[in-house]
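As structure tokens, the structure follows; a few thoughts come after it.
The values are calculated or read from the model by the stated rules, or taken from the named source; none is laboratory data. Note that the structure is a prediction, hence the values are computed from the model and not measured. Note that we place each Cβ from the backbone using ideal geometry, even for glycine, and neighbour counts take in every protein chain shown.
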Amino acid sequence: MIQPRTPRREQLGEFLAARRRTTSRSALGLPPTGRRSDTGLSREEIATLSGVSGSWYTWLEQGRDINVSRQVLGAVARVLGLSAAETEYVYALAERDEGAAPAERESVPPHLQHLVDALDFPAFVVATDWAIAGWNARYAWLYPRIETLDAADRNLLWLVYTDPELRDMLPDWERDSRAFLAEFRAESGVRLTSPRHRVLLERLREASGDFRAQWAELAVERFASRRREFRHREDGIVTFEHHRLVPSDAADLHVVMYVPV
């Protein structure tokens with residue numbers, strides 16, 4: 001019986017296939033291919049090295065809704081040399097879909113907005129699709145357009161790829177945009193097939209060639225606090241430490257903070 005496909009498993013299969021095509025053969029003790037290339041394995045090679053059948057692995061890449069254990073998937077991840085973040089991403093996609101995700105908030109709870117307002121450095125609140133749900137006065141100082149944007153455009157990922165003003169604020173836009181996108185994919189995981197995420201991704205595909213090219217790279221990375229620089233219209237280069245917190249009573253929201261260095 002041919003197993004059905006599911007959006008989540010298709011997403012998993014696309015990711016595994018992309019990593020298989022870029023895996024080093026020499027690192028696994030395999031000879032070059034006929035093109036004398038050191039990258040790229042066949043499905044049969046991945047299956048053999050992972051200790052699974054070729055048909056099972058083929059179904060996995062095809063997005064079939066087959067039984068998948070963490071142990072076997074871990075073996076596939078090790079053969080492909082996946083990072084810890086990529087492995088977690090794969091595990092999440094392989095889990096059975098247990099129905100629709102919980103409803104997402106449309107606004108910031110008052111107590112959380114009060115916390116952001118009390119901070120004397122730029123801070124804002126994002127939902128799971130990176131819609132900017134709230135911000136404080138210092139963030140408006142850093143990025144004034146936030147106060148006049150239409151609600152549909154008030155999304156961090158959308159602005160990174162479509163707003164020339166925000167792009168000019170980032171001295172190394174290529175590095176920052178790729179880091180954002182890798183973190184977005186890792187965080188969104190199974191939610192990428194939700195209506196809100198699908199609408200956002202489709203808008204970005206239509207609006208930005210840079211997004212289409214970078215999204216196709218399928219990068220996955222955990223968020224890490226780091227130093228960030230912005231080009232402010234009046235104060236020149238300003239430097240912050242970029243931190244993010246998840247409220248225990250609003251885990252579907254993230255508080256993003258730019259703490260002055």
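Here are the numbers for the structure shown:
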item	result
Residue list for the range 144-158, restricted to those being over 21 Å from residue 187 (Cβ atoms) and polar (S, T, N, Q)	148
Set 72, 79, 68: member being β-branched (Val, Ile, Thr), more than 20 Å from residue 8 (Cβ to Cβ), surrounded by 16 or more Cβ atoms within 10 Å (Cβ to Cβ) and not assigned by TED's automatic domain parsing to the domain that holds residue 221	79
Close pairs from the range 30-47: first in the same structural domain as residue 20 (by TED's automatic domain parsing) and in a loop (DSSP other than H, G, I, E, B), partner among the acidic types (Asp, Glu) and exposed (fewer than 15 other Cβ atoms within 10 Å of the Cβ), Cβ under 7 Å, at least 6 apart	32/38
Members of the range 228-250 found to be surrounded by fewer than 10 Cβ atoms within 10 Å (Cβ to Cβ) and of a type outside the set (S, T, N, Q), listed by number	234, 236, 237, 249
Members of the range 203-227 found to be out of contact with any Leu (no Cβ under 9 Å at 6 or more places or on another chain) and not in a loop (DSSP other than H, G, I, E, B), listed by number	203, 205, 206, 207, 209, 210, 213, 226, 227
Subset of the range 141-151 (residues that are of a type in the set (A, V, I, L, M, F, W, C) and farther than 18 Å from residue 244 by Cα)	141, 146, 149, 151
Inter-residue pairs, beta-carbon under 6 Å, first assigned by TED's automatic domain parsing to the domain that holds residue 196 and over 21 Å from residue 239 (Cα atoms) and in the range 118-129, second surrounded by fewer than 23 Cβ atoms within 10 Å (Cβ to Cβ) and basic (Lys, Arg), 6+ apart	128/191; 129/196
Answer residue from the range 84-114, given it is among the small types (Gly, Ala, Ser), assigned to a loop (DSSP other than H, G, I, E, B) and out of contact with any helix residue (DSSP H, G or I) (no Cβ under 9 Å at 6 or more places or on another chain) and is modelled with the highest pLDDT among those	103
Meets criteria (surrounded by fewer than 16 Cβ atoms within 10 Å (Cβ to Cβ), free of Cβ contacts under 8 Å to residues at least 60 places away in the same chain and polar (S, T, N, Q)) for residue 53	yes
Top-ranked residue of the range 3-23 - restricted to ones that are polar (S, T, N, Q) and outside any helix (DSSP H, G or I), ranked as modelled with the lowest pLDDT	3
